[in-house]
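See below for the structure under consideration.
The values are calculated or read from the model by the stated rules, or taken from the named source; none is laboratory data. The structure displayed is predicted, hence computed values, not measured ones. Positions of Cβ are generated from backbone atoms using ideal geometry, with glycine treated the same way; all protein chains shown enter the neighbour counts.
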Amino acid sequence: MDVEILSRIQFAFTISFHYIYPPLSIGLGLIMVLMEGAYLRTRNKMYETLARFWTKIFAITFGLGVATGIVMEFEFGTNWAAYSRFVGDIFGSALAAEGIFAFALESGFLGVLLFGWNRVKPIVHFISTLGVWLGSMFSAVWIVVANSWMQTPTGYHLVGEGSNMRAEITDFWAMVFNPSSVDRILHVWIGALIAGAFLVMSVHAWYLLKGRFVELSRKAFVIALSVAALFSVLQLVTGHSSASGVAKNQPAKLAAFEGHFNQSDQAHLYLLGWVDKENQKVYGPYIPGGLSLLIHGDFDTPVPGLNDFPKDEVPTQVNAIFQFYHLMVAFGLYFIGLTLFGLFMWWRGKLFSYPWLLWVFVFSVILPQLANQFGWFAAEMGRQPWLVYGLLRTSDGLSAVVTANQVLFSLIMFTLIYALLFVLFLYLLDKKIRKGPYDDSDTEGRPLQQGMAGLLHTEHEQQ
């Protein structure tokens, strides 16, 4: 493999691994805010216990997120020096804003969040939790703004010539509110909130199945289920809005999402399928004219296809883009169905009566992570062959002096180190979960544990 492919694989690997943790931090942050808010409102110690417990898990995800994110900044300089030169003015502004408005807010409250229990008043600790969560949300804003500018660049002009050409900001707010930024920020935020909520539901569903911390887990599960259901439905709205923006601003990417080759052909909406690029066909069930309906509001308005653009300006891995995009959509629909069904069962008083349903929630924890990853894969692969859409090609953004062997060696080293970090993450997470929400010395108000049979009996009595 050449240096371009290896550099793309290396960056994709490091950012994919990093992106395991920030969504969990954002999602857990909201859950913690809700739990502490419930404690302030009711003074029920169970909510405080839950908030303390999830703060510990938040700390693990936050720490690994910071550690794994640093590597990518070095890769900009080592592997993508020409790209860094071209976008330095844009990225520098966005990353500086992240440091000022996000990291400062997070770091200012993080110590109180982690070590302020019993040292500050509950309302002060609640404000610190809120500050850390908002800081994580703002951090995502500036990263997505920078990436969205690469997708739909505005508010700039080009200076210099040849290899010295670079983009400079002419309108900061036009750069921030570029045509795709708002839709993508909302989409990323909601994906993160869903991921955090599903982690909470998974852990407490497991506790319920084992008959551990039953009353605590019921309260935590309902909070997380409500968050997951609300934002799963909202994600459908933001996803449609984002796709409409892609249709307007990056039509070749949308054509790749749906395996649509010719504008003269009716624009079908495929539920699933396989793209035969050589014969320019997609095999799978579809809604005739469904893509036109979603974009234009009718079944017949033409939609540009891949053949309507220059061959060197469209992505080549059409089937992979198609699969990632459709898996993301499928998982999103699954989240809506599962969480609304869960709310319905809660309304009927039977949410915790069926072990099979709890097991579904236990194992569904991985799916929001996959949906987030696949969404990014589709977005980034669909942008190819551009690093900055319409301005800088991927092949022109590489460092001139880095060799393929150097990139391969660093890729192997990063893989080994990140594998160790992931094992450490799983070990620490498992240790915290197995220990449970209570400290060894915390016996006040600790409810008696009961087995699954006792849980079902209690559920029956409540009905």
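Among the residues of the range 221-262, which ones are touching a Ser or Thr at 6+ places or on another chain (Cβ under 7 Å) and surrounded by 22 or more Cβ atoms within 10 Å (Cβ to Cβ)? Can you show your working first?
Taking the range 221-262 as the starting set, the residues that turn out to be touching a Ser or Thr at 6+ places or on another chain (Cβ under 7 Å) are 225, 228-229, 232, 245, 249.
Passing the criteria: LEU225, ALA228, ALA229, SER232.
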Inset, instruction - Just need a number here: residues in the range 256-280 that are among the hydroxyl-bearing types (Ser, Thr, Tyr) and more than 23 Å from PHE377 (Cα to Cα). - result: 1
Inset, instruction - Being surrounded by 19 or more Cβ atoms within 10 Å (Cβ to Cβ), farther than 26 Å from TRP386 by Cβ and either free of Cβ contacts under 8 Å to residues at least 12 places away in the same chain or out of contact with any helix residue (DSSP H, G or I) (no Cβ under 6 Å at 6 or more places or on another chain) (or both) is the filter here, so list the residues in the range 311-351 that pass it. - result: LEU338
Inset, instruction - Go through the range 378-395 and count every residue that is crowded, with 17+ Cβ neighbours inside 10 Å and either among the aliphatic types (A, V, I, L, M) or outside any strand (DSSP E or B) (or both). - result: 12
Legend entry - Output for the range 45-75, where each listed residue is within 22 Å of the chain's Cα centre (by Cα), of a type in the set (A, V, I, L, M, F, W, C) and surrounded by fewer than 18 Cβ atoms within 10 Å (Cβ to Cβ): ALA59, VAL66, ALA67, ILE70, MET72
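Does SER16 fit the bill of being in contact (Cβ under 8 Å) with a residue 24 or more places away in the chain, in a helix (DSSP H, G or I), surrounded by 24 or more Cβ atoms within 10 Å (Cβ to Cβ) and among the hydroxyl-bearing types (Ser, Thr, Tyr)? First the steps, then the outcome.
Details: in contact (Cβ under 8 Å) with a residue 24 or more places away in the chain: yes; in a helix (DSSP H, G or I): yes; surrounded by 24 or more Cβ atoms within 10 Å (Cβ to Cβ): no; among the hydroxyl-bearing types (Ser, Thr, Tyr): yes.
No: the conditions fail for SER16.
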Inset, instruction - Can you run down the residue pairs with Cβ atoms below 6 Å, 6 or more apart or on separate chains, where the first is in the range 56-76 and under 14 Å from ILE143 (Cα atoms) and the partner is surrounded by 14 or more Cβ atoms within 10 Å (Cβ to Cβ) and aliphatic (A, V, I, L, M)? - result: MET72/ILE15
Inset, instruction - Would you be able to tell me the number of residues in the range 396-419 that are surrounded by fewer than 16 Cβ atoms within 10 Å (Cβ to Cβ) and under 29 Å from ALA197 (Cβ atoms)? - result: 1
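Answer yes or no: is there a residue in the range 417-431 that is β-branched (Val, Ile, Thr) and touching a residue at least 24 places away in the same chain (Cβ under 8 Å).
Let us first name the residues in the range 417-431 that are β-branched (Val, Ile, Thr), namely 417, 423.
Going one step further and asking which of them are touching a residue at least 24 places away in the same chain (Cβ under 8 Å), we end up with none.
No; the residues of the range 417-431 include none that is β-branched (Val, Ile, Thr) and touching a residue at least 24 places away in the same chain (Cβ under 8 Å).
Kindly evaluate TYR334 against the criterion of being among the aromatic types (Phe, Trp, Tyr) and touching a Lys or Arg at 6+ places or on another chain (Cβ under 8 Å).
Numbers: among the aromatic types (Phe, Trp, Tyr): yes; touching a Lys or Arg at 6+ places or on another chain (Cβ under 8 Å): no.
When the stated conditions are applied, TYR334 does not pass them.
Residues to consider are GLY332, GLY342; find the one that is under 18 Å from GLY191 (Cα atoms) and either among the hydroxyl-bearing types (Ser, Thr, Tyr) or assigned to a helix (DSSP H, G or I) (or both).
Only one candidate passes the filter, namely GLY332.
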Inset, instruction - Of the conditions (1) within 17 Å of the chain's Cα centre (by Cα); (2) among the β-branched types (Val, Ile, Thr); (3) over 19 Å from HIS268 (Cα atoms), VAL329 clears all except one; give me its number. - result: (3)
Inset, instruction - Starting from the range 210-238, take each residue that is on the phi > 0 side of the Ramachandran plot and of a type outside the set (A, V, I, L, M, F, W, C) and list its partners that are modelled with pLDDT of 95 or more and surrounded by 20 or more Cβ atoms within 10 Å (Cβ to Cβ), counting only C-beta distances under 8 angstrom and pairs at least six apart or across chains. - result: none
Legend entry - Test: residue in the range 258-281 that is modelled with pLDDT under 95 and in a helix (DSSP H, G or I): yes
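Among helices (runs of 4 or more DSSP H) lying entirely in the range 118-220, which contain 3 or more residues that are buried (at least 23 other Cβ atoms within 10 Å of the Cβ) and out of contact with any Asp or Glu (no Cβ under 6 Å at 6 or more places or on another chain)? Step through it out loud before you land on a result.
Values: elements: 122-151, 172-176, 181-210.
Hits in the range 118-220: 122-151, 181-210.
A quick yes/no check of all residues on (1) within 21 Å of TYR19 (Cα to Cα); (2) over 17 Å from the mean Cα position of the chain (by Cα):
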site: GLY191; (1), (2): yes, no
site: PHE198; (1), (2): yes, no
site: MET201; (1), (2): yes, yes
site: HIS204; (1), (2): no, yes
site: GLU215; (1), (2): no, yes
site: ALA220; (1), (2): no, yes
site: ILE223; (1), (2): no, yes
site: PHE231; (1), (2): yes, no
site: PRO251; (1), (2): no, yes
Inset, instruction - Name, by its number, the condition in (1) surrounded by 15 or more Cβ atoms within 10 Å (Cβ to Cβ); (2) touching a Pro at 6+ places or on another chain (Cβ under 9 Å); (3) under 30 Å from ASN178 (Cβ atoms); (4) at pLDDT below 90 that does not hold for GLN369. - result: (4)
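Taking the options VAL159, VAL200, name whichever one is aliphatic (A, V, I, L, M), modelled with pLDDT under 95 and more than 21 Å from PRO385 (Cα to Cα).
Details: VAL200 fails: modelled with pLDDT under 95.
Being aliphatic (A, V, I, L, M), modelled with pLDDT under 95 and more than 21 Å from PRO385 (Cα to Cα) holds for just one of VAL159, VAL200, which is VAL159.
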